[in-house]
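A short worksheet on the structure shown next.
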Amino acid sequence: MRPTPALATRPGSAWRLLVRELSAFGTVGGACFLLDLVLFQVLYASVGLGAVTSKLISTLVSMTVAYLAHRYWSFSSRERSSVRREYLLFVAINGVTLLLSLAVVGIVRHPLGQDSPLVLQVANVASIAVGTVIRYLGYRRWVFPAAVPQPVGEPLAERVPER
């Protein structure tokens with residue numbers, strides 16, 4: 001277990017750490033979103049792979065890059081466990097939010113009967129926003145949990161003076 005970073009022990013540092021994590025999380029998310037778009041376009045339009053294959057590859061690559069960036073930058077001050085455990089949880093959380101997004105768009109399209117590209121894009125963006133909040137909270141809670149402070153020594157109040 002890694003010790004709690006010095007930043008987290010100073011007054012007001014919890015807010016600085018939260019802002020740092022949120023900023024890095026947003027930066028990584030935006031960069032990986034662009035990576036996904038560009039890679040999909042290259043694989044589909046230039047390489048000639050099918051749309052589903054291109055999307056699968058672009059998603060897996062961008063998700064792996066996101067995991068590594070979050071592990072070593074966004075949540076670098078947090079507890080570490082095995083890469084295998086973290087990555088499996090990371091994939092599971094991303095899978096849940098993907099299913100949520102598909103459900104939202106599917107419900108808006110089919111039961112609600114909306115076929116307007118604008119309405120479907122609004123549903124898509126809303127599902128991405130909800131998924132982003134779920135991913136951030138899930139990553140903090142399960143993938144990259146906070147370090148548990150280790151006791152340095154016996155507290156002064158518990159010491160019994162010798163006579």
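The values are calculated or read from the model by the stated rules, or taken from the named source; none is laboratory data. Because the structure is predicted, anything quoted here is derived from the model rather than measured. Counting neighbours? That spans all protein chains shown, and the Cβs are built from the backbone with ideal geometry, glycine included.
Regarding the stretch 102-118, can at least one residue be identified that is surrounded by 13 or more Cβ atoms within 10 Å (Cβ to Cβ) and among the acidic types (Asp, Glu)?
No, the stretch 102-118 contains no residue that is surrounded by 13 or more Cβ atoms within 10 Å (Cβ to Cβ) and among the acidic types (Asp, Glu).
Have a look at 58, 82, 116, 74 and point out the one that is at pLDDT 90 or above and over 18 Å from residue 30 (Cβ atoms). Explain how you work it out, then say what you get.
Details: 58 fails: over 18 Å from residue 30 (Cβ atoms); 116 fails: at pLDDT 90 or above; 74 fails: over 18 Å from residue 30 (Cβ atoms).
So the residue among 58, 82, 116, 74 that is at pLDDT 90 or above and over 18 Å from residue 30 (Cβ atoms) is 82.
I'd like the full set of residues that are over 17 Å from the mean Cα position of the chain (by Cα), free of Cβ contacts under 8 Å to residues at least 40 places away in the same chain and over 17 Å from residue 33 (Cα atoms), limited to the stretch 123-150.
Correct list: 123 only.
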